[in-house]
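What follows is one structure encoded as structure tokens, with my remarks underneath.
The values are calculated or read from the model by the stated rules, or taken from the named source; none is laboratory data. Bear in mind that the values here come from a model prediction, so they are computed numbers and not experimental data. FYI the Cβ positions are ideal-geometry reconstructions off the backbone, even for glycines, and counts take in every protein chain you see.
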Amino acid sequence: MTSVASIDSPERPDLSTIGTIAGKEIRDAIHSRWFWLWTFAFAGLASFTAAVALPGSQVAGFGNFGRTAASLVALAQIIVPLMGLTLGAYSIAGQKENGALRFLLSHPISRTEAFWGTYLGLAASLAATVFGGFGIAGIITVAQGGGVNADSFIRIAILSWLLAVSMLGLGMLISTFADRASAALGIAIFTWLGFAFIGDLGVIGTSVATSLPTWSLLLTAVLNPVEAFRLASLTAFSGSLDVLGPAGRYAVDTFGDNLGWMLFLVMGAWVVVPTILAWWRFNRIGDL
């Protein structure tokens, strides 16, 4: 019987091999109808969001750019996690089901190289989708005369990509436990619902029912990557979380100017931890 320690090659991963696999994933994404569906859906919705953000209007105290940015944040926190989760969930389980993963590993390629090549290729594909959508939205906003705070706009786009790759890692972790792509996708969709809807409504309902202290309400929100993204994005263009009520004011009073960086680090942790766990689990699957 093959021992756990011998499942993966003890040699240092070859970066050129990882790059080759990543390039293959990017090419596969280009030829995938699902990738283009997500790309056109996000770009189209981002463009529509920017187009309806009429110059001169005010929403929740924000001006022209604030209206567009707030709308894009609301769009990203729904669409982006679903993109990352579904792509990640299908990545390993789908290749295992159709035999592509077994064929890949029949070559002199370690599991570590296969995993990181797949991850980096999908992360690059998500970057093209996210930054492309935000780029189109920015062009439309400028064309309408709404004005764009470039630093804040770029920061929100980067945070959106971090949210996408954090969900990609989580999706790949889910995929390592599933034998069929349909099962992995089903779990990924339920996870998305939990993060995007149940988590937010649950926090509000629990706070009302149990009178949670403000600090615990903020902590509960930050532990949800979608909520952490929303808080970090709001600080990018408003500089304040007052629009979120007591939790926002508590965060501003407690962390001050460091709040944005703290939330950025939280997003970074959501990128690293699920991905490392997925890599660890992938190297310990007995039969692919």
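Observations on the structure shown:
Let's see how each residue does on (1) in contact (Cβ under 8 Å) with a residue 12 or more places away in the chain; (2) under 23 Å from Ala183 (Cα atoms); (3) part of a helix (DSSP H, G or I); (4) of a type in the set (D, E, K, R):
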| residue | (1), (2), (3), (4) |
| --- | --- |
| Ser91 | yes, yes, yes, no |
| Glu97 | yes, yes, yes, yes |
| Phe103 | no, yes, yes, no |
| Phe115 | yes, yes, yes, no |
| Ala124 | yes, no, yes, no |
| Ile136 | yes, no, yes, no |
| Leu162 | yes, no, yes, no |
| Ser166 | yes, yes, yes, no |
| Gly169 | yes, yes, yes, no |
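- Of the helices (runs of 4 or more DSSP H) contained entirely in the stretch 184-288, those carrying at least 2 residues that are at pLDDT below 65, surrounded by fewer than 13 Cβ atoms within 10 Å (Cβ to Cβ) and at negative phi fall at 199-210.
- Going through (1) modelled with pLDDT of 90 or more; (2) closer than 30 Å to Asp14 by Cα one by one, Leu105 falls short only on (1).
- Flag not set for Ala128, criterion: modelled with pLDDT of 75 or more, part of a helix (DSSP H, G or I), over 23 Å from Thr235 (Cβ atoms) and touching a helix residue (DSSP H, G or I) at 6+ places or on another chain (Cβ under 6 Å).
- Counting only residues that are surrounded by fewer than 16 Cβ atoms within 10 Å (Cβ to Cβ) and either within 26 Å of Trp116 (Cβ to Cβ) or at pLDDT 80 or above (or both), the stretch 48-76 holds 2 of them.
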